[in-house]
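Here the structure comes first, spelled out in structure tokens, and everything after it is commentary.
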Amino acid sequence: MANLIRANVDNEMVKAVAAVVFKGHWDNLLKPKIGSFVTSTTISQALLHISQYYFSLSWSFFQWAESVPNYKHSLQSSWTMIYILTKQKHFKTAQDMLQKVAVKNFLSSPTVLNALVRSNMNNDVNSHLLSWLVIFYANSKLPHDAIQVFEHMRVCKLMPHTHACTTLLNSLVKDGLTDTLWKIYKKMQKIGVLPNIYIYNVLMHACCKSSDVERADDLLREMEFKATLPDLYTYNTLISLYCKKGMHYEALCVQDRMERAGVCPDIVTYNSLIYSYCREGRMREALRLFKEIKGSTTNLVTYTTLIDGYCRANNVAEALRLKAAMEAKGLYPGVVTYNSILRKLCEQGQMKDANILLNEMNEKKVIPDNVTCNTLINGYCKIGDMKSALKVKNKMLEGGLKPDRFTYNAMIHGFCKVKDTDGAKEVLFDMVRVGLFPSYCSYSWLVDAYCHLNNEVAVVSLPDEFARGGHLVDVSFYRAIIRRLCRRGKIDGAEKVFHIMQTNGVLGDSLIYATLAYAYFMVGKVDAASYLLDDMYKRRLMITLKIHAILSYLACAFPGIADHCGSSSLEYVYFNCWYPADLYKRAKVDSVLDWHHSNLHRGTVLMFSAGYIFDTVLAPAFGLTLNPQAAAEAEKVLLASLANI
């Protein structure tokens, strides 16, 4: 009864507000006597009531209310006005207003969407509004919000516009969410969305990005079955995919097929085919195709692709001839073109010619990029001219460019090559200071340089030097040093670093134990290796391929070794429990182990590194972006492996 009375009061208030608007006495609504009873729901209902008679009046009243000081339209009243504008086919105004509202409010929330859609039960209008919202979120690089809106439309049986579907799928391709894209596409098909050429082209682009030839072929057959004729973009994408996979015959077949269908190849088609030949060093075929280009004008990409191809084929003279030919045609080389030639000159140690080309870039106002500087730095480091390499690095910083991991690694390698360990160490410290993590190679070059100078003490003191400099000395640091020392046969030094690691409270991983144990076995220190393996067993560290190889070698070389192992040792468990002396049974164990390491183990490691741990722990902590494609690949490997168990 109370609710009925309340509804009647609200209805009367809506009529009263509408009457004031109709009479033009809008300022009366600002009086406390009336205004204090006017809610956002009242305004929304009044707008709907007024629009039934005079749409323009409802729009004018909404704009007037917006200009009133200290008044702000609620989400409900704004949505109602957008609904009215859409119903009256004022689409542009409605879209602009929807975008402004979407920026300020979290509209993709299912609760909010449910409340807004239920407030006005016109399916056609709601389909328009939510389709625009999908487009807005997709274009704003918020694919997950766009998916939420699409899912709400699907649940509410609202048909999304084809343009909204295309935009959503395209945003998923751009973000590398290929698996999500195919799931959404299947849902679109289930609710009755009929794919057009634009949707098919987006799907074909997804196949190209994920190098999925089989799915692309299926998609083309589906298009033919549904009488959707492929266009130039479809054919070009398919040719690009085949070229990417090195499938030249199939790419040329598509070119022939498109010509027979009346679709003329453009320069993008030819560029893809030329790139495919150049990548494999087939310059004769690339040049023949270049000369056969008809109906299209060669562009900067065409010439740059050929120039890069000739440089990779060690024919700099022909590359320079093509550069001159393109300039004669009025096409001026960009930084990518110059980088291709510079790379080859630096590889061949022709630094004088490289500098002449660099001066030419300056004269023509072609601004060098990171690749240009890294190429020059690497070139100087290879010939041991570290003074010039440092000059390029300084100019790089002056030009606003940021040295990357390649820059630092090239310089570390260069300093180590000229046996300047202090310079290499300084660059390594600098690398860590700017937040870049050295690789195994970074450390191994430094270790090699010290070993060449017979200065093993300096290698052993590296952890302390790093710690004194305030740098993090983690397990990856010790792993790199120990591995390199073991590989060079410096077992004593590796052992010292291992003890320093334990003293500093850093626990070694499987790779460290396996490397050191293997090194002990190779020099005949069986007891020391056995101790390490026992420690590894107690810590329940994973048995790697290298440990399996060590134990397999021992089992074959010393058939009676199991009798000398303690019952709690890793060797005892290995030899007596699951690596039998019978050769037939042992072969079965080997096959299972090989399968485990190449499939199940790989899939699990990839799954956790690329997917779960990266997404939930590392990405939020370091502000990094997730690689969904790598996670999807890992998931496929893991699931396929589990299916075989």
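Please treat every number below as a calculation from the coordinates, not as lab data. Source: prediction; values computed, not measured. Cβ sites come from the backbone with ideal geometry, for glycine too, and all protein chains shown count toward neighbours.
Mind checking the full-extension length gain between V155 and K92? Use 0.36 nm per residue of separation minus the Cα-Cα distance, one decimal, nm.
Residue separation times 0.36 nm, minus the Cα-Cα distance, leaves 20.0 nm.
Under the 0.36 nm per residue contour assumption, what length would be gained going from the current alpha-carbon distance of K15 and M121 to full extension?
This chain segment gains 36.1 nm when fully extended.
Arranged from highest to lowest average of other beta-carbon atoms within 10 Å per residue, in what order do the peptides 376-384, 360-368 appear?
Taking the mean over residues of other Cβ atoms within 10 Å, the ranking is 376-384, 360-368.
Measure off 7 Å from each Cα along the Cα-to-Cβ vector at K187 and L252, then give the distance between these two points in nanometres to one decimal.
4.5
Starting from 0.36 nm per residue, how many nanometres of slack lie between F225 and V112 once their C-alpha separation is accounted for? It would help to have the intermediate numbers written out before the result.
On the way: separation 113, 0.36 × 113 = 40.68 nm, distance 4.08 nm.
Gain on stretching F225 to V112: 36.6 nm.
Suppose the Debye formula is applied to equal point scatterers at every Cα of the range 479-547; what is log10 I(q)/I(0) at q = 0.19 Å⁻¹?
Listed by q, the Debye log ratios stand at -0.68.
Can you classify the range 163-223 as rounded, prolate or oblate using the Cα gyration tensor, where a ≥ b ≥ c are the square roots of its eigenvalues, rounded means a/c under 1.5, and otherwise it's prolate if a/b beats b/c and oblate if not?
Oblate shape, in that a/c is at least 1.5 and b/c is the bigger or equal ratio.
Report the calculated FRET efficiency for T297 and Q63 (r = Cβ-Cβ distance, R0 = 51 Å), to the nearest 0.05.
Details: r = 51 Å, r/R0 = 1.01.
That gives a FRET efficiency of 0.50.
7 Å from Cα along Cα→Cβ at both R284 and K245: what's the point-to-point distance in nm?
So the label points at R284 and K245 sit 2.8 nm apart.
Quick one: net charge of S476's neighbours, Cβ under 15 Å, K/R +1, D/E -1?
Result for the local shell: +2.
List the chymotrypsin sites (Phe, Trp or Tyr not before Pro) in the range 46-133 that DSSP assigns to loop (not H, G, I, E or B) and whose Cβ has at most 11 other Cβ atoms within 10 Å. Which are they?
Counting only loop positions with at most 11 other Cβ atoms within 10 Å, the chymotrypsin sites (Phe, Trp or Tyr not before Pro) in the range 46-133 are Y53, F106.
If I take R0 = 25 Å and measure r between the Cβ atoms of N314 and K419 in this structure, what FRET efficiency does the formula 1/(1 + (r/R0)^6) give, to the nearest 0.05? Present the calculation step by step, with values, prior to reporting the outcome.
On the way: r = 30 Å, r/R0 = 1.22.
FRET efficiency, N314 to K419: 0.25.
If I model a spin label as a point 7 Å beyond the Cα along the Cα-Cβ vector, how far apart are those points for N394 and S56 in nm?
Calculated label separation equals 7.3 nm.
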